[in-house]
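A.B. asks: Quick one: the structure is below, questions incoming.
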Amino acid sequence: MAARSPPARPHIGIHPSNHFGTRAAGDWGEDDAWDSASDSESPRPSSLAKSWNRSSASSSTTAPRPVPKPISNSSSSTLAFSYTHVSAPNPSSYPPREETTLEPKSGWTLVKKSNERRRVLAGDAPEQGSAEGQGDADVEGDMILGDLESEVVALDQTPPPALPLHIKAKHGQGIIRNDVDEIVHDPLNGVKHRARRAEPSPSPSVRLLQGGDGKETPAHRERSEKLLRERSIRSNRRHKFVDCLSSQDVNIAELRKLAWAGIPADLRPMAWQLLLGYLPLPTPLRATTLARKRGEYLSLVEVAFARDREGLDQQIWHQIEIDVPRTRPGIRLWMHNATQRSLERILYVWAIRHPASGYVQGINDLVTPFFQVFLSAYIESDPENFDPSLLPKNVLNAIEADSFWCLSRLLDGIQDNYIFAQPGIQRSVRRMADLVARIDVPLSAHLESQNVEFMQFAFRWMNCLLMREISVQNTIRMWDTYLAEGPDAFSQFHLYVCSAFLVRWSEKLRQMDFQGIIMFLQSLPTQGWGDHEIEMLLSEAFVLNSIWQNAQSHFS
């Protein structure tokens with residue numbers, strides 16, 4: 001029984017659509033059914049037209065307009081509706097399931113497999129010695145001063161022969177692992193058999209530390225020892241992660257403790273699935289659970305798109321169709337046709353399964369960290385430059401299904417952010433205003449004197465979890481800590497992160513008027529942020545959380 005792709009149409013993309021694969025039908029799991037007391041609430045009618053013809057203005061970019069200063073500090077609760085809610089479909093729009101056989105369609109990309117250790121395919125290969133932009137592999141090139149244990153641990157097996165750190169490829173190509181089929185069925189396989197990286201030659205900075213003759217000078221001995229200690233600490237943390245993940249029954253408390261300070265990039269896909277409760281802690285249950293959940297998702301897609309465009313809820317699909325090409329503009333991964341089709345399926349299926357909220361703008365951003373992290377498990381190059389259509393079909397299906405279920409688990413904890421009137425966001429913004437009034441009195445007083453309301457800037461911070469303010473890599477690092485904090489972190493701990501984020505700019509904001517404040521907060525200078533800035537922000541939020549989480553009576 002073949003599942004359908006979303007309706008074909010012009011899109012921002014590089015490769016032709018990759019049609020969804022075939023699978024056997026499966027039953028829905030009761031543990032994942034939507035269970036909300038808000039289902040009886042009527043969603044706010046959408047102001048969007050039901051036309052399928054996208055206007056040219058929908059994708060245009062305009063310069064920000066000056067924000068007029070309000071006359072009084074009036075309530076801005078209506079700003080909660082600045083993100084469009086659309087209704088869920090009528091149950092009659094679900095077609096009866098029937099056995100169909102589809103002829104193969106054009107547009108497939110054929111990939112020749114080789115017997116080499118790796119296959120060179122789509123995405124840009126990073127330069128020699130560079131990290132993948134995630135995790136904690138960013139300092140290894142500057143601390144080669146002795147033989148240390150390898151950063152990759154082979155469990156109960158002979159380590160594979162050393163391979164080059166990266167394989168140079170043509171422009172527009174990247175590297176796919178040769179064991180992707182094994183990783184689909186067993187995520188731990190990717191941890192066990194990650195190819196050992198060859199030690200790069202000492203970088204110019206290391207040679208400088210060592211002196212012109214290659215010998216370490218006394219003046220730089222202390223710094224060299226510090227670099228060695230840092231690398232040793234990182235190596236020890238990795239050993240602990242691998243030991244934890246390879247256990248027959250993962251100790252979730254230990255995993256949370258390790259993950260708070262960040263997860264190594266290549267271990268993150270499996271760690272996130274365990275922390276979200278999507279992947280079972282006992283190893284023997286994982287293969288059957290993954291097969292069942294991925295089969296359920298493919299069944300949902302098959303039902304949702306069985307009648308192509310005629311069977312879709314027009315309002316929901318129209319908004320998704322507008323938002324998907326706008327997701328992460330400028331990043332090659334999200335410009336590819338295959339990625340956009342996957343994102344459309346994920347968002348539409350989630351919307352029709354959650355009628356209390358339907359689709360809300362901003363949810364499309366929340367998919368991107370999951371998709372990018374799970375994609376990284378199957379490749380050896382930068383996910384942001386990779387074209388998923390070059391992956392085997394079963395691998396792309398697995399990434400899409402895993403992203404859907406993990407998104408569902410994330411949104412289950414913040415579901416009141418997206419139901420009618422978005423009471424969760426309203427509540428969080430009010431609490432943030434109260435908290436800032438206690439931790440930074442001068443800033444709070446200045447915002448009030450300028451008639452700046454928190455809803456005018458903090459609504460987006462709560463709705464999109466700061467993803468419009470920081471990069472995907474920064475978000476991924478921040479989510480390591482959120483997932484370690486527990487299921488309430490995306491609503492509770494995020495409040496303290498947003499408060500610390502605002503207070504960080506306190507001195508600058510207190511020198512601005514209303515228009516300057518709003519314009520600054522809508523375009524913050526965070527483009528160059530890395531792990532260090534995110535970790536400082538998380539540390540400040542942790543302090544605030546420790547002080548105020550048991551002082552709820554102080555919040556109005």
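The values are calculated or read from the model by the stated rules, or taken from the named source; none is laboratory data. No experiment lies behind these values; they were computed from the predicted model shown. When we count neighbours, we look across all protein chains shown, and the Cβ atoms used for this are built from the backbone with ideal geometry, even at glycine. Just the protein is used for accessible areas: all its heavy atoms, side chains included, with ligands, DNA and RNA removed. Shrake-Rupley method; radii C 1.70, N 1.55, O 1.52, S 1.80 Å.
A.B. asks: Run Asp488 past the list (1) in a helix (DSSP H, G or I); (2) in contact (Cβ under 8 Å) with a residue 40 or more places away in the chain and report the number of the one that doesn't hold.
C.D. replies: (1)
A.B. asks: Check off (1) open to solvent by 30 Å² or more (accessible area, probe 1.4 Å); (2) aromatic (Phe, Trp, Tyr); (3) over 23 Å from the mean Cα position of the chain (by Cα) for Trp260 and give me the number that stays unchecked.
C.D. replies: (3)
A.B. asks: Can I ask one more? Applying the selection to the range 248-272, what residues are out of contact with any Cys (no Cβ under 7 Å at 6 or more places or on another chain) and assigned to a loop (DSSP other than H, G, I, E, B)?
C.D. replies: Across the range 248-272, the qualifying residues are Gln248, Trp260, Ala261, Gly262, Ile263, Pro264.
A.B. asks: For the range 487-511, what are the residues that are open to solvent by less than 10 Å² (accessible area, probe 1.4 Å) and under 16 Å from Gly413 (Cα atoms)?
C.D. replies: Scanning the range 487-511 gives Ala489, Phe493, His494, Leu495.
A.B. asks: Let me ask you something else. Pick from the range 444-469 the residues that are surrounded by 19 or more Cβ atoms within 10 Å (Cβ to Cβ) and of a type in the set (D, E, K, R): which of them is farthest from the chain's Cα centre (by Cα)? Spell out the reasoning first.
C.D. replies: The first filter runs over the range 444-469 and keeps only residues surrounded by 19 or more Cβ atoms within 10 Å (Cβ to Cβ), leaving 444, 447, 450, 452-463, 465-467, 469.
Subset that is of a type in the set (D, E, K, R): 453, 460, 469.
Numbers: Glu453: 29, Arg460: 17, Glu469: 14 Å.
This residue is Glu453.
A.B. asks: Among the residues of the range 391-429, count how many are of a type outside the set (D, E, K, R) and under 30 Å from Ile379 (Cα atoms).
C.D. replies: 17
Here is a yes/no grid of residues against (1) under 18 Å from Asn463 (Cβ atoms); (2) of a type outside the set (A, V, I, L, M); (3) not in a loop (DSSP other than H, G, I, E, B):
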| site | (1), (2), (3) |
| --- | --- |
| Pro325 | no, yes, yes |
| Arg345 | no, yes, yes |
| Pro355 | no, yes, no |
| Leu366 | yes, no, yes |
| Gln372 | no, yes, yes |
| Ser389 | no, yes, yes |
| Asn397 | no, yes, yes |
| Ser403 | no, yes, yes |
| Leu407 | yes, no, yes |
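A.B. asks: Give the residue, chosen from Met478, Met512, Met467, that is in a helix (DSSP H, G or I) and either at pLDDT 95 or above or touching a helix residue (DSSP H, G or I) at 6+ places or on another chain (Cβ under 9 Å) (or both).
C.D. replies: Matching residue, one of Met478, Met512, Met467: Met478.
A.B. asks: Kindly indicate the residue of the range 400-443 that is basic (Lys, Arg) and either without any contact (Cβ under 8 Å) to a residue 24 or more places away in the chain or over 24 Å from Leu275 (Cα atoms) (or both) and also most open to solvent (accessible area, probe 1.4 Å) among those meeting that condition.
C.D. replies: So, considering only residues that are basic (Lys, Arg) and either without any contact (Cβ under 8 Å) to a residue 24 or more places away in the chain or over 24 Å from Leu275 (Cα atoms) (or both), the one most open to solvent (accessible area, probe 1.4 Å) is Arg430.
A.B. asks: Hey, another quick one. Looking at the range 373-382, is at least one residue farther than 22 Å from Val184 by Cβ and in contact with a helix residue (DSSP H, G or I) (Cβ under 6 Å, 6 or more places away or on another chain)?
C.D. replies: no
A.B. asks: Which condition number in (1) more than 21 Å from Arg468 (Cα to Cα); (2) surrounded by fewer than 19 Cβ atoms within 10 Å (Cβ to Cβ); (3) in contact (Cβ under 8 Å) with a residue 12 or more places away in the chain is the one that Ile322 fails?
C.D. replies: Checking Ile322 against (1) more than 21 Å from Arg468 (Cα to Cα); (2) surrounded by fewer than 19 Cβ atoms within 10 Å (Cβ to Cβ); (3) in contact (Cβ under 8 Å) with a residue 12 or more places away in the chain, the one that fails is (1).
A.B. asks: Residues that are touching a residue at least 24 places away in the same chain (Cβ under 8 Å), open to solvent by less than 20 Å² (accessible area, probe 1.4 Å) and not in a helix (DSSP H, G or I): does the range 295-308 have at least one?
C.D. replies: yes
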